[in-house]
Amino acid sequence: MQSSLAIIGFLLGAVAWWIEGRLLFLVGALLMIANWPWTLFGILPVNRVLMATEPAVAGPETRKLLAKWNGLHAVRTALGIAATVCFLAALTANPN
């Protein structure tokens, strides 16, 4: 569902930029779609290792991977927040 929302957010942001000509709409749209490659190339490899780990053999390395996953997920959250801020700034910007 998140990937669908990212695509919709990107498309709507790009359309708003096309219609309004406000660069912040385009920046927000790009930030929305940036979640895709970040998830595929950053989070997914770590997630696969974690999911393949049997709970009985989890140890310090697993804990390190969990901490890494947490940081990677925080970046994804920050991308969404930054996109929202850009969209709000574009909506409230003076049209002149």
Phi-based couplings in Hz for segment 28-38 (Karplus 6.51, -1.76, 1.60; Gly and Pro marked x): x, 4, 5, 5, 5, 6, 5, 5, 4, x, 4
Relative contact order [Cα under 8 Å, 6+ residues apart], the chain, whole percent: 36
Cα long-axis angle, helix 2-20 against the chain (0 to 90 degrees, to the nearest 10): 20
Whole-angstrom gap from segment 20-56 to segment 67-96, using each part's C-alpha centre: 13
Distance in nm between pseudo-label sites at Met51 and Ile8 (7 Å out along the Cβ direction from Cα): 2.4
Helix 60-92 vs. the chain, principal-axis angle (Cα, 0 to 90°, nearest 10): 10
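Taken together, the values in this text are just the output of simple stated rules run on the coordinates, not laboratory data. Note that the structure is predicted; figures quoted are calculated from it, not measured. Positions of Cβ are backbone-derived with ideal geometry, glycine not excepted, and every protein chain shown enters the neighbour counts.
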